[in-house]
Amino acid sequence: MRVCVLWSGGKESALSCYRAMTQGYDVACLVTFILDSWPNLCHPLHLMPLQSEALGIPHQIIHVGEPYLEGYRQALTKLKDSRNMQGIVAGDIWITEHRRWYESVCEGLGIEIILPLWSLQPYEILSELLSEGFRAVFTCVKRLWFDRAWIGQELDRNRLETLKMICDKHRIDLCGERGEYHTMVIDGPIFE
């Protein structure tokens, strides 16, 4: 099946892309949606073309304005037609509202939603990321739980254990699913 991957440049999108590829999906492109009314502060857009080049997969940034549902539907319909796309891969793990959003966006379009990380345990996801050889750095953290020293640091085994202690103490998601922190992948098994 030919798919596009929703791409933030971070750990979940990279691992989802990797899983999709190893499961036999044909990844046609990486897609980053930018909401016109929402600043993109967490994911360095200027690095995404470099990731795309290293992956050998085209990257497309799509600006979407209100009404968002219609904007997303139109964009996905164009991708379906131009790239012969049959599915969309996303890195979401457990937030049901996100899954419902994808379902409403894709309803009636003939586009399958593929969530390779859905319902996996956060520690399992991060352990797999590291054991598969991905390298990610922290690009954005919330001050409530992290200090500035985290920015630019690589997510490695030691940092994972420190991250786990912080998350256990403050009862926040280990993968940062609610925006507690963000990462950018700088290397991995699917990068040339």
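Of the options TYR102, LEU163, ASN84, report the single residue whose Cα projects farthest towards the positive end of the charge dipole of the range 15-163 (beta-carbon charges: Lys, Arg +1; Asp, Glu -1).
Towards the positive end, the residue furthest out is LEU163.
Work out from phi, with θ = phi - 60° and the Karplus expression 6.51 cos²θ - 1.76 cosθ + 1.60, the ³J(HN,Hα) of each residue of the range 104-113, listed in order in whole Hz, and give x for Gly and Pro.
5, 5, 8, 4, x, 8, x, 10, 7, 9
Please name whichever of VAL137, LEU126, ILE151 sits farthest to the positive end of the charge dipole of the range 118-157, dipole taken about the Cα centre and charges placed at Cβ: Lys and Arg +1, Asp and Glu -1.
Selected residue: ILE151.
Can you tally the lysine pairs in the chain where the Cα-Cα distance is under 23 Å and the two residues are eight or more apart, or on different chains?
On the way: LYS11/LYS142; LYS11/LYS164; LYS11/LYS169; LYS142/LYS164; LYS142/LYS169.
Here the count comes out as 5.
In degrees, nearest 10, range 0 to 90: what is the angle between the Cα axis of helix 122-131 and the longest Cα principal axis of the chain?
90
Could you give the Stokes-Einstein D for the range 141-192 in µm² per second, using the C-alpha Kirkwood radius, 4 °C, 1.567 mPa s?
Working: Rh = 12.0 Å.
Translational diffusion coefficient: 108 µm²/s.
Please identify every one of the GluC sites (Glu not before Pro) in the range 58-141 that sits in a loop by DSSP and has no more than 13 other beta carbons within 10 Å of its own beta carbon. Intermediate results must be reported in sequence, preceding the final value.
Details: sites: GLU70, GLU97, GLU103, GLU107, GLU112, GLU124, GLU128, GLU132; in loops: GLU107, GLU132.
Sparse-neighbourhood loop GluC sites (Glu not before Pro): GLU107.
Mind ordering 163-171, 136-144, 15-23 by average Cβ neighbours within 10 Å, highest first? Each step should come with its number before you reach the end.
Details: 163-171: 13.1, 136-144: 17.1, 15-23: 20.0.
Going by the mean number of other Cβ atoms within 10 Å, highest first, we get 15-23, 136-144, 163-171.
Assigning unit charges at the beta carbon (Lys, Arg +1; Asp, Glu -1) and nothing else, what dipole magnitude in debye, to the nearest 20, does the chain show about its Cα centre? Present the calculation step by step, with values, prior to reporting the outcome.
Working: 19 positive and 25 negative charges, 48 e Å.
For the chain, the charge dipole is close to 240 debye.
Would you mind putting 148-155, 6-13, 54-61 in packing order, based on average other-beta-carbon counts within 10 Å, highest first? It would help to have the intermediate numbers written out before the result.
Working: 148-155: 13.6, 6-13: 24.0, 54-61: 16.5.
Sorting 148-155, 6-13, 54-61 by mean packing, highest first, produces 6-13, 54-61, 148-155.
Roughly how large, in nm² to one decimal, is the mean projection of the convex hull of the alpha-carbon atoms in the range 6-140?
Details: hull surface 33.0 nm².
Over every viewing direction, the Cα hull of the range 6-140 projects on average to 8.3 nm².
Taking the chain as the reference, fit the longest principal axis to its C-alpha atoms, fit the long axis of helix 157-170 to the helix C-alpha atoms, and give the angle between the two in degrees, 0 to 90, nearest 10.
90
Short version: what are the Cα gyration tensor semi-axes of the range 88-136, square root of 5 times each eigenvalue, largest first, in whole Å? Intermediate values should be presented prior to the final figure.
Numbers: eigenvalues 132, 28, 10 Å².
Rounded to whole Å, the semi-axes are 26, 12, 7.
Of the heavy-atom accessible surface of the range 14-101 (probe 1.4 angstrom), what whole percent is carbon and sulfur?
C and S fraction of accessible area: 54 percent.
Just to be sure I follow: if Rg is taken over the C-alpha atoms of the range 62-125 and Rh is the Kirkwood radius over the same atoms, what is Rg/Rh?
Working: Rg = 12.9 Å, Rh = 12.7 Å.
Using Cα coordinates only, the ratio equals 1.01.
Viscosity 1.567 mPa s, temperature 4 °C: what is the translational diffusion coefficient of the range 1-79 from Stokes-Einstein with a Kirkwood Rh over Cα pairs, rounded to a whole number of µm²/s?
Details: Rh = 13.2 Å.
Rounded, D is 98 µm²/s.
Under 25 °C and 0.890 mPa s, how fast does the range 67-192 diffuse according to Stokes-Einstein, given a Kirkwood radius computed over C-alpha pairs? Answer in µm²/s, whole number.
Details: Rh = 16.5 Å.
It comes out at roughly 149 µm²/s.
The values are calculated or read from the model by the stated rules, or taken from the named source; none is laboratory data. In this text the structure is predicted, and so the values were computed from the model without any measurement. Every residue, glycine among them, receives a Cβ derived from its backbone with ideal geometry; neighbour counts consider all protein chains shown. Accessible surface areas use protein heavy atoms only, side chains included; no ligands, DNA or RNA. Shrake-Rupley method; radii C 1.70, N 1.55, O 1.52, S 1.80 Å.
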